[in-house]
1. Charges on Cβ only, +1 for Lys and Arg, -1 for Asp and Glu, centred on the Cα centroid of the chain; of ASN221, ILE178, ILE163, which one is farthest towards the dipole's positive end?
2. Counting only DSSP beta bridges with both residues in segment 2-219, tell me the antiparallel percent, nearest 5.
3. What 222 nm value per residue comes from the helices of the chain, counting each DSSP H run with n ≥ 4 as -39,500 (n - 2.57) and dividing by all residues, nearest 500 deg cm²/dmol?
4. Structure shown: which of LYS79/LYS207; LYS155/LYS220; LYS13/LYS155; LYS171/LYS206; LYS120/LYS171 lie over 25 Å apart, alpha-carbon to alpha-carbon?
5. Go through segment 155-223 and name the trypsin sites (Lys or Arg not before Pro) that are in a DSSP coil and have 16 or fewer other Cβ atoms within 10 Å of their Cβ.
6. Reachable aspartates and glutamates from LYS123, Cα under 12 Å, same-chain residues fewer than 8 places away excluded?
7. Quick check: Cα centre of segment 102-122 to Cα centre of segment 38-66, how many Å?
8. How big is segment 2-219 on each of its three principal axes, counting only the C-alpha atoms and giving the largest first in Å?
Amino acid sequence: MKDNARLLMKQEKEKIALEAEYMRYRNMCIFEETAYGEGVKIIGGIDEAGRGPLAGPVVAACVILSRDTFIKGLNDSKKLTVAKRDIIYDEILEKAVALSTGVVDEKCIDEINILNATKKAMKSAIASIKPVPELLLIDAVKLSDVPVRQIPIIKGDTLSVSIAAASIIAKVTRDRMIDELDSLYPQYGFKQHKGYGTEEHIKAIKKFGICPIHRISFTKNFI
């Protein structure tokens, strides 16, 4: 009897937790629901990963989710563990109507600056997605020369499920790219810091100099 009571209590707690998670998710659908109410049918969420690192590309993603999609735990990629991001990444791949990525490398970042490189990556992701979105929800950025209505949202990766999904696709895609490059330049520890300016990374730059994937415009003060 005690075992049955414990099992029932556990199931009830899980049910309550799932209901709370569903409500949190639905609260992140406010921008999407407003657009659906206006007659919009296809919404693309846009976000990027890699604006701050000293090395590697900036990666943007565009994700289209259906109105009835529910992805448990979906949130700003920065709020999730690596393991959780990987799980949700796979679920987004499975459930998304469509998704695409755009990548701009460190050499282009040095040439046109990180903001313009970020916008270029976003435009690349938008250009390759099918179907074409009727509305773009973008994390904080306004894009020119894109013939689709846009809504820039400050902290959009915490307020919109579409942008949150894009943040996870962009982050996981970029991290896996950097992990592969780690084997070419093991002395820098890219697998640990993903190119960000950690103390370990800066020490490695001072000791070994820069490598081909470093952003010169970001690392010139450390050389």
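We did not get these values from a lab; they are worked out from the coordinates using the rules stated. Being a predicted model, the structure only gives us computed values, none of them experimental. Cβ: placed from backbone, ideal geometry, glycine included. Neighbour counts: every protein chain shown.
1. ASN221
2. Roughly 60 percent of the beta bridges in segment 2-219 run antiparallel, per DSSP.
3. Calculated at 222 nm, the ellipticity per residue is -15500 deg cm²/dmol.
4. The pairs that break the limit, which is 25 Å between Cα atoms, are LYS79/LYS207; LYS155/LYS220; LYS13/LYS155; LYS171/LYS206.
5. Qualifying residues, ordered by number: LYS155, LYS220.
6. The qualifying aspartates and glutamates are ASP47, GLU48, ASP145.
7. If you average the Cα positions of each part, the centres end up 14 Å apart.
8. Taking max minus min along each principal axis of the Cα atoms, segment 2-219 gives 61, 53, 25 Å.
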